[in-house]
1. Rolling a 1.4 angstrom probe over the protein heavy atoms, how many square angstrom per residue are accessible across segment 347-412?
2. With a 1.4 Å probe and all protein chains left in place, how much accessible area per residue does segment 212-273 have, in Å²?
3. With Cβ to Cβ distances under 14 Å as the rule, what net charge do the other residues near A336 carry (K, R +1; D, E -1)?
4. Which value, in debye to the nearest 20, gives the size of the charge dipole of segment 33-165 about its Cα centre, when Lys and Arg are +1 and Asp and Glu are -1 at the Cβ?
5. Among the lysines, which fall within straight-line cross-link reach of K124, defined as a Cα-Cα distance under 18 Å, with same-chain neighbours fewer than 8 residues apart omitted?
6. So for the pair E18, E184, with labels modelled 7 Å out along Cα→Cβ, what separation do we get in nm?
7. Using 7 Å Cα-to-Cβ label points, what is the E117/R264 separation (nm, one decimal)?
8. Can you tell me the relative contact order of the chain? Whole percent, Cα pairs under 8 Å, sequence separation 6 or more.
Amino acid sequence: MILQALTQLYEDLVARGEIARPGWNEVKISYALCLDEHGGLIQVIPQLVEEQIGNRTVLRPRKMELPAVVTKASAVRSNFLWENSSYLLGVDDKGKPERSMECFRACVKLHHTLLDEVESPAAKAVLTYFDTWQPEQAQSHPALADCWDELMKGANLVFRVDGEFVQEDPLIRAAWDRHYSRSEGEKTQCLVTGKQDVPEPVHPFIKGVVGAQTSGAAIISFNEPAFCSYGKEQSLNAPVGKYAAFAYTAALNHLLADRDNVQRIGETTVVCWAEGAEPAYRKYTFAAIFGGPLPEQISTDTLRSTVKYLAEGRPCEELRLDPNRRFYILGLSPNAARLSVRFFYCSTFGDVMKNVNDHHDRMEVVGSKHEWISLWAMLRETVNLNTTDKAPSPAMAGATARAIFSGTAYPASLLEAVMLRIRAERDITPGRAAILKAYYLKNPNLQCPKEVLTVSLNENSTNVPYTLGRLFSVYEAVQEWANPGINATIKDKYFNSAAATPAVIFPILDNLCQKHLRKLEVGKRIYCERQIGDLKNRLGESNPMRLTLPEQGSFNLGYYHQKQLRYTKKEEQ
């Protein structure tokens, strides 16, 4: 399903003119080797372009359409018309001159195989260069002096003859197309397209997944005997045709190469796309879930109203968004030399927006500075921001993201991580309160009833843990009013134990509160006594010995809602 969707994406991108056709790839090129008509190296021209990153302007290699990259692994295999210094110059700084010469000879052989019969001045110049170039004299060549250090770092190079790039020569392009389309081997049915094609034994690598090897990694590979069967080797165990292998890897590399196409959740790299490859669908999804940059000329209010509109299954014709459009979300994680599929979700765009809108409705809570809490802000509530490693648990982050866009239950690990931070810091932030509320709304529990899962304070609730949380907040307020500027309150000493064993702690808190009340002026003391009396009447004569985890969630929400009410009244006054 994943490979079929990516193959279809490739065909959509080709139809839109946004990706190279079969046999060609976008390659990052740093320098061009300029040759004269006799194949002599006369100049090296940088191919770097300026790119804006935040407030900085940096130089990046230029992207060019060049013959498709070959899969090397540890083998010596040359690309056609472009390569690094090991293959095109026969030198590098790896300390293995024998291997560098082996790479150069492989490159010479490939170009002679493809260009010997091509009657083109550019082809003859390239072949003459390979026949006359002497790698042992490369370092002393004047054309390489200014850029020698950069060339040794592995920068990609191309040829340029008479002011034109060699890959743009029509005869040379035709020679490559003939070579690429030539299939050697027995045809079988491709598992992706269903058509007869020669299977690709080694699929092209995927580049751009954070944490994976910079040279690329594979989604499909059979690199151990235990993975193979019936005497078949490598990817012939799951035959994918040459066209499909190129198409799905080219489409995925195209998505990963654009920073705007990629989001990260912990160690998981996330991409998404819609059938037809229109970028607007991806932009709205990333903005709605991850808090990414808004689409052009779209405000936050417009984004929210658009998501709600699509969630109802109504099309947005002015924005050209169709809720019935097929939509895909893919999460990839590094796994040594391969990639692991963390999650893959396929549905209509309208269903995704409905699930996202429902999630934000569940996360709505009083006190939040923003109406929507993004996934990034949500996951930050589960980590200790004072540590060096501020990354959330990869498994928990991936499961949470999947729950949001698929509309399934939130993972238990999310609740555990939030409760752990509340106990450690004795602080309930708007984000943590929102997570507690959303978790128990989506994962119902009778011990954390719906009456406490409200946006703001439910003054009519008789739920005991919720009322205890409210009472604790009132006790804390009394202490702060009685001792202005106090550094530590009862929250710092008693919060965790009060939430776990109220029958033990609340008698202590009652006694302390009476002492604090005596310090208040008459009007404020009467107000607090009435509020405390009302809450105690709802509790009955005795408090529970222990509160379960869901009951502690009710306690925390009661404390948070009561505290936010106090802040709201202060702002009104």
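1. 42
2. Accessible area per residue: 44 Å².
3. -1
4. Roughly 600 debye for segment 33-165.
5. Counting by Cα, and skipping residues close in sequence, K124 has these lysines nearby: K109.
6. According to this spin-label approximation, the distance is 3.7 nm.
7. Simple spin-label model gives 4.9 nm for this pair.
8. After rounding, I find 10 percent.
The values are calculated or read from the model by the stated rules, or taken from the named source; none is laboratory data. Keep in mind that what you see is a predicted model, and the values were worked out from it rather than measured. Methodologically, a virtual Cβ is constructed for each residue, glycine included, from the backbone with ideal geometry; neighbour enumeration extends over all protein chains shown. The accessibility values were calculated without ligands, DNA or RNA, using every heavy atom of the protein model including side chains. Shrake-Rupley method; radii C 1.70, N 1.55, O 1.52, S 1.80 Å.
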